[in-house]
Every structure is written in structure tokens, then in C-alpha cells.
Amino acid sequence: MSGDTPWIRGGLRIARAVLDDIERHAAQDYPSECCGFIFGPAQDWALLDAAQREENEADKYHRLDPKRFPRTSEMYFKINELRAARTFEDAARAERPVKVIYHSHCDAGAYFSEEDAATFASDHQLMWPCAFLVVSVMKGNVVDRKLWVHTPGTNEFEASTIDTV
């Protein structure tokens, strides 16, 4: 997978305006987790130059079936899977692939949680061809952000680098 999608290994560069918008999104949605996609040109695999906000559907699922979906948007994010699949396909066709899925953690660090890992890796395989940005929001203020990448052959994720440009 990484031959066609080298960004899954990390070492990415993000436009300052894009990171600022993501951090505004995280602060605005607090105390709920925000989520979305980050894109960049296929010909410059490490560059991230656009973001798209997505609706966190965790509360909707929790209201419909609280036993099956016990977490609310304050502790969990859920992106519509059909919309996500279409976004990945459309972006790849446009040669501006989704390189990162981002979300925030409320009153918690910018770590990649067990729930995040279980959502994005299964049977030692990465489920979506991207890296992951987690933004930490404490009491409404962004305090940290970290890029996470899948460790091949495992269900684990490790921190990577992301620089602003």
C-alpha cells in the first residue's frame, strides 16, 4: 500500500493556514470531538494543503442505539463511512488524495487511543490509506497536535513528524 500512498509513513508538511483552520475547528466544536480530512497534491506526496470538515455523527448513533454506541461526541468521533469512501475515491481521481484523517481529543492528550487504533487497523492491516492527526483541546484551547502512522504488520500506531510550511 505505501508504494502508492507514501504519506502513510508520515514525515508530512502542512500549510500553516490549513493547520490553523483545523485547530479552529477543534476549538469551535469543543466539548465535542471534531473530525475531517486533509488533502494534498499527488505529485508532492508530503504536502498537505487543504482540509475538509466533516460532521461527527457519534451523537446521532448514540441517540439511535445507546447500547451499541455508548460513547457521545465528547469522547468519540464517527465519520459517515459511505461519505468517507466517496471522498477518498473522488480525491484520488482528482489527484488530490486524502492523506490524513484528523480529529480532536477533548480534555485529553494528542495520543492515538485504543479506540482509534481499533477503528483504523484490523488484522495487522491499515483500514484507510492515510495518516492521522490528533489535536488536543483542553478547556476549549488547543494545546497540542500529533501525527500518527500505522506500524506495518501490527494493529499499532506510532507518532511521526509533521512540519508547518
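The values are calculated or read from the model by the stated rules, or taken from the named source; none is laboratory data. Just so you know, these numbers come straight off a predicted model, no measurement behind them. Glycine also receives a Cβ, built like all others from the backbone with ideal geometry; neighbour counts cover every protein chain displayed.
Things worth noting here:
- Inside the stretch 109-147, residues that are without any contact (Cβ under 8 Å) to a residue 40 or more places away in the chain, assigned to a strand (DSSP E or B) and either more than 22 Å from V98 (Cβ to Cβ) or not aliphatic (A, V, I, L, M) (or both) make up a count of 8.
- Looking at A84, A92, just one residue is within 12 Å of the chain's Cα centre (by Cα) and without any contact (Cβ under 8 Å) to a residue 60 or more places away in the chain, and that residue is A84.
- Condition met for V98 (at pLDDT 95 or above, of a type in the set (A, V, I, L, M, F, W, C) and surrounded by 21 or more Cβ atoms within 10 Å (Cβ to Cβ)): yes
- Of all residues making up the stretch 30-58, the number that are out of contact with any Leu (no Cβ under 7 Å at 6 or more places or on another chain) and more than 30 Å from R71 (Cβ to Cβ): 6
- Pairs are defined by a Cβ separation below 9 Å, a sequence spacing of at least 6 or placement on different chains, a first member in the stretch 8-26 that is closer than 10 Å to I38 by Cβ, and a second member that is in a helix (DSSP H, G or I); the pairs so defined are I14/I22.
- Qualifying residues in the stretch 6-42 (those that are closer than 17 Å to I101 by Cβ and acidic (D, E)) - the one surrounded by the fewest Cβ atoms within 10 Å (Cβ to Cβ): D21
- For the stretch 92-104, residues that are under 23 Å from R13 (Cβ atoms) and not in a loop (DSSP other than H, G, I, E, B) total 8.
- Residue in the stretch 54-70 that is touching a helix residue (DSSP H, G or I) at 6+ places or on another chain (Cβ under 6 Å) and assigned to a loop (DSSP other than H, G, I, E, B) present: yes
- All positions within the stretch 10-53 that are in contact with a His (Cβ under 9 Å, 6 or more places away or on another chain) and either assigned to a helix (DSSP H, G or I) or among the small types (G, A, S) (or both): A26, G36, A51
- Odd one out for S104, checked against (1) in contact (Cβ under 8 Å) with a residue 60 or more places away in the chain; (2) more than 26 Å from R16 (Cβ to Cβ): (2)
- Yes/no for E89 being loosely packed, with under 13 Cβ neighbours inside 10 Å, part of a loop (DSSP other than H, G, I, E, B) and either among the charged types (D, E, K, R) or at pLDDT 95 or above (or both): no
- Search result, residues across the stretch 128-141 that are in contact with a strand residue (DSSP E or B) (Cβ under 6 Å, 6 or more places away or on another chain) and either among the aliphatic types (A, V, I, L, M) or modelled with pLDDT under 95 (or both): A131, L133, V134, V135, V137
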